[in-house]
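Read the figures in this text as sums done on the coordinates, not as results from a lab. Computed from a prediction, not measured in an experiment: that's the story for all the values here. Because the Cβ atoms are built from the backbone with ideal geometry, glycine has one as well, and the counts that use them run over all protein chains shown.
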């Protein structure tokens, strides 16, 4: 599959948002808010940046993807289906008993999942381990990790960041989905992160702050990082909107883990179709 350009990625991200909302609506369970906030940069990773092979999900030299905030797996599942890891009809089985698409990613059930995640704060440590393994094995694959801003309140995040610096993991790229909301409310009210980007810099990361919904900015930043081999791990602080793309979900904490009803679902589809038509 050829790498998509910016315009194609913008269209793909909207199509994937539609799949996210549809599967959560059909399941009447799931986490739409964070899935939508991460949709643009996750789309860029799967359809332009990462070197993966759907026909060989365990390919030894593939890039690794760690969704540390595992509850937003609907956006990853939508990407995997669109890439051909499994039939798109499987999306309708989200969270059903026996489905490969559980409420958090399961590497033993779903092709394309590199690590099972769910307990917040642990995914970055897993990604660091993968990065160290690549260095020791003299492999060129890279490791992409997505963490939430609320998740960055976990101490294990910073232990992992410190380790990434020590082992000079310039093959590690961490996306922070900085949507300013978490399960309990506004992140800076629940537990202020205080200059999150500067924290990663203090832990030895190259830090890039971007608009997480500007596809050109996402792509340009990834292009820049790809050329940088300086012994330093990378952090992309993506400023995003929880629920992005669906007006009544945007910046609403209540849509962290709630499925839309039929009327809300139809409105969401109408809004996303309108966005597609405008491109």
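Observations, loosely collected:
- The chain: angle of helix 215-226 to the longest principal axis, Cα-based, in degrees nearest 10: 20 degrees
- Only helical runs count toward this figure. For the chain, summing -39,500 (n - 2.57) over DSSP H runs of n ≥ 4 and dividing by all residues gives -12000 deg cm²/dmol at 222 nm.
- Sequence of 157, 194 once ranked by neighbouring C-beta atoms within 10 Å, starting from the fewest: 194, 157
- Bridge orientation summary for segment 78-189: considering DSSP beta bridges with both residues in this region, about 25 percent are antiparallel.
- Considering only beta bridges that DSSP places wholly inside segment 6-278, some 10 percent are antiparallel.
- Using a Förster distance of 25 Å, the FRET efficiency for residue 137-residue 83 (Cβ separation, nearest 0.05): 0.50
- Segment 28-67 and segment 118-156 have Cα centres separated by 14 Å.
- Recomputing mean projected area of the Cα convex hull in nm² from the coordinates shown identifies the correct label among [x] 13.3; [y] 16.8; [z] 15.8 as [x].
- Sorted by Cβ density within 10 Å, fewest first, the residues 195, 256: 195, 256
- Segment residue 263-residue 92, extension gain: residue separation times 0.36 nm, minus the distance between their alpha carbons: 59.7 nm
- In degrees, nearest ten, helix 73-83 long axis to first principal axis of the chain (Cα): 90 degrees
- For segment 207-253 versus segment 72-113, the spacing of their alpha-carbon centroids is 24 Å.
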